[in-house]
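Working notes for the structure below.
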Amino acid sequence: MLITFEGIDGCGKTTQIGLLSSYLRENGKEVLTLREPGGTEFSEKIRDLLLHSKDKLTAQSELFLFESARADLVEKIIKPELEKGTIVILDRFYDSTTAYQGYGRQIDLNVVNASNHLASKNLKPDITFFLDIPLELSYQRSNHRKLDKIEKSGDEFFTRVIDGYKKIAGEEPERIVNIDGTKPIGEIFKTIMDKMINLIY
Ligand code: T5A
């Protein structure tokens, strides 16, 4: 089973992934948590380029780097683990590319979708949790730390990303669970568990 978490920076994905993976492991499930970009030696190098290099990337280079990192992770880790029956929980997947590079950087959505399909080998999450928070809360939650390259993209960019996520979630309500990420951590986790119970038992 493939479970993905989506939303803008600081929406609470890592927090909820920690809670969900602990719960599943305590209940005897084999679980692997991964993040994108990253998860293989090659993809972690690309992550560093994307988030921390001093070079100014074009939107297209950025798109292809995210897709390269994804292709490596899907081929080397995600597919084999899913075939073994592992529950794979992924912090971001192709919806991030649609939201950030498609809606945010305004690359043609047909190009982004085709690139997503190619890199993910047509793999589709069984369920996606989209944690929806407003931009101001994203800034508040990250104001204690240094921002990475993407996080420095500005208000207009992030407003497009948030609107993009809402469109993506609206187009696939059977896969994507839209959650109010401003709620307390425990309340969000309960909503996630209500959905997960039907899938895992
Ligand atoms: N990207 C990625 C693209 O542009 N295209 C792509 O295709 C892909 C895959 C990745 C960046 O790359 C971009 C998107 C990103 O900009 P990253 O370092 O992985 O960067 O960063 P994020 O995924 O944004 O992760 P963050 O750590 O910033 O955010 P999380 O994981 O969503 O949030 P979390 O859980 O760490 O929480 C942040 C803070 O809020 C608190 C937590 O305790 C923490 O302090 N918090 C809450 N507080 C109150 N109430 C709640 N409900 C809370 N939930 C969490």
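The values are calculated or read from the model by the stated rules, or taken from the named source; none is laboratory data. Note that the structure is predicted; figures quoted are calculated from it, not measured. Here Cβ is always computed from backbone atoms with ideal geometry, including for glycine, and neighbour counts include all displayed protein chains. For the accessible areas, the whole protein counts, side chains as well, though only heavy atoms, and no ligand, DNA or RNA atoms are used. Shrake-Rupley method; radii C 1.70, N 1.55, O 1.52, S 1.80 Å.
Using the structure shown, decide if K29 is away from the ligand (no atom under 15 Å from the Cβ), out of contact with any Ser or Thr (no Cβ under 6 Å at 6 or more places or on another chain) and at pLDDT 95 or above.
Working: away from the ligand (no atom under 15 Å from the Cβ): yes; out of contact with any Ser or Thr (no Cβ under 6 Å at 6 or more places or on another chain): yes; at pLDDT 95 or above: yes.
So K29 passes the test.
Any chance you could count how many residues in the stretch 160-201 are part of a loop (DSSP other than H, G, I, E, B), within 12 Å of the ligand (Cβ to nearest atom) and open to solvent by less than 60 Å² (accessible area, probe 1.4 Å)?
Step one: filter the stretch 160-201 for residues part of a loop (DSSP other than H, G, I, E, B), giving 172-175, 181-184, 201.
Checking which are within 12 Å of the ligand (Cβ to nearest atom) leaves us with 181-184.
In the following step, the residues that additionally are open to solvent by less than 60 Å² (accessible area, probe 1.4 Å) were identified as 181.
Residues flagged as part of a loop (DSSP other than H, G, I, E, B), within 12 Å of the ligand (Cβ to nearest atom) and open to solvent by less than 60 Å² (accessible area, probe 1.4 Å) within the stretch 160-201 amount to 1.
Which pairs do you get when a residue that is closer than 23 Å to K152 by Cβ, found in the stretch 1-24, comes within reach of a residue that is within 12 Å of the ligand (Cβ to nearest atom) and modelled with pLDDT under 95, reach meaning Cβ atoms under 6 angstrom, with the pair 6+ apart or on two chains?
Matching pairs, first to second residue: D9/E151; G10/R141; G10/S142.
So which of H52, H117 is open to solvent by 50 Å² or more (accessible area, probe 1.4 Å) and within 15 Å of I150 (Cβ to Cβ)? If you could, list the steps in order and put the result at the bottom.
Details: H117 fails: within 15 Å of I150 (Cβ to Cβ).
After applying the criteria, what remains is H52.
Can you pull out every residue in the stretch 22-48 that is within 16 Å of A119 (Cβ to Cβ) and not aromatic (F, W, Y)?
L34, R35, E36, P37, G38, G39, T40, S43, I46, R47
From (1) within 16 Å of the ligand (Cβ to nearest atom); (2) at negative phi, pick out the condition that doesn't hold for G38.
Failed condition: (2).
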